[in-house]
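This report refers to the structure that appears directly beneath it.
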Amino acid sequence: MVPALPAAGEGNQPYKLYYGTAASAANYGGYGGNSDRKTSAEYVYDVPEGWKERLVSKVEKGTNGTDSEFYNPKKRTEKEYLTFLSGFRQLAPRDVILNNLALSDVELQDLIAGADKVVSEEKKDEETGQVYYLYEIDGVGKHSLITVTCAKNKLYAHFVNAPAPEWNRDQDTLTHLRDSFKTVSSSS
């Protein structure tokens, strides 16, 4: 069942809903299975109209778990993407998760190390009971919003990143992108 999402078009910004499958690198390209992304979706998030999808390579998918990525063509470093790792049944404590994500992401390590402020909170989807950890990192010249959850024996991490000038200008849109991320329940 695809969950209800926040109303699109805040501040007259139209969005399209992206359906992510979190398929393994072995299944890259949708070979041998259901090719209907909506039916096979494991997660969804909003993407601003006009943003471009960056195709993720099979190697990248297999090494760091990147499943999908979109960027603002006017400012390529303003982007949202999702990574996933298999073999996680439940979330670790909030402070441990962020540090573990940073172990495989040098940019995230640097952002956290130089951050002016790191805020974290836990939210529970009242409809599904799904628990999400939300992180906001206010770094030197860059802002990052990260949402992490576990479902279907996978850890999902949704990132929304922007340089400081774009964050200051597009904060409402970028926060909407963070809040739109949801895992999809397999029950109808």
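Kindly provide the set of residues from segment 151-166 that are more than 15 Å from residue 117 (Cβ to Cβ), surrounded by fewer than 21 Cβ atoms within 10 Å (Cβ to Cβ) and not basic (Lys, Arg), ordered by number.
153, 163, 165, 166
Pick from 119, 96: which is out of contact with any helix residue (DSSP H, G or I) (no Cβ under 9 Å at 6 or more places or on another chain), of a type in the set (A, V, I, L, M, F, W, C) and in a helix (DSSP H, G or I)?
Of the residues listed, the single one that is out of contact with any helix residue (DSSP H, G or I) (no Cβ under 9 Å at 6 or more places or on another chain), of a type in the set (A, V, I, L, M, F, W, C) and in a helix (DSSP H, G or I) is 96.
Among the residues in segment 134-142, are any more than 20 Å from residue 100 (Cα to Cα), open to solvent by less than 10 Å² (accessible area, probe 1.4 Å) and either at pLDDT below 95 or in a strand (DSSP E or B) (or both)?
Among the residues of segment 134-142, not one is more than 20 Å from residue 100 (Cα to Cα), open to solvent by less than 10 Å² (accessible area, probe 1.4 Å) and either at pLDDT below 95 or in a strand (DSSP E or B) (or both), which makes the answer no.
Out of (1) closer than 19 Å to residue 174 by Cβ; (2) part of a strand (DSSP E or B), the odd one out for residue 107 is which?
(2)
So for segment 167-175 (the condition being in contact with a Pro (Cβ under 8 Å, 6 or more places away or on another chain), buried (at least 16 other Cβ atoms within 10 Å of the Cβ) and either part of a helix (DSSP H, G or I) or acidic (Asp, Glu) (or both)), does at least one residue qualify?
Keep residues of segment 167-175 that are in contact with a Pro (Cβ under 8 Å, 6 or more places away or on another chain), which gives 173.
With the extra rule that they be buried (at least 16 other Cβ atoms within 10 Å of the Cβ), the set shrinks to 173.
Cutting the leftovers down to either part of a helix (DSSP H, G or I) or acidic (Asp, Glu) (or both) gives us 173.
Yes, that holds for at least one residue.
Scan segment 82-115 residue by residue and report those that are touching a Gly at 6+ places or on another chain (Cβ under 7 Å) and either among the basic types (Lys, Arg) or without any contact (Cβ under 8 Å) to a residue 40 or more places away in the chain (or both). Quick ask: steps written out before the conclusion?
Step one: filter segment 82-115 for residues touching a Gly at 6+ places or on another chain (Cβ under 7 Å), giving 82-85, 111, 114-115.
The answer is 111, 114, 115.
Going through 56, 44 one at a time, which residue ends up being more than 18 Å from residue 178 (Cβ to Cβ), open to solvent by less than 50 Å² (accessible area, probe 1.4 Å), at pLDDT 80 or above and not in a helix (DSSP H, G or I)?
Just one listed residue meets the conditions, 56.
Just give me the residues in segment 79-93 being part of a loop (DSSP other than H, G, I, E, B) and within 19 Å of residue 183 (Cβ to Cβ), in sequence order.
Once the filter is applied, which keeps residues that are part of a loop (DSSP other than H, G, I, E, B) and within 19 Å of residue 183 (Cβ to Cβ), segment 79-93 yields 87, 88, 89, 90, 91, 92.
The values are calculated or read from the model by the stated rules, or taken from the named source; none is laboratory data. Predicted, not measured: the structure shown is a model, and the values here were computed from it. Here Cβ is always computed from backbone atoms with ideal geometry, including for glycine, and neighbour counts include all displayed protein chains. Note: accessible area is taken over every heavy atom of the protein model, side chains too, but ligands, DNA and RNA are not part of it. Shrake-Rupley method; radii C 1.70, N 1.55, O 1.52, S 1.80 Å.
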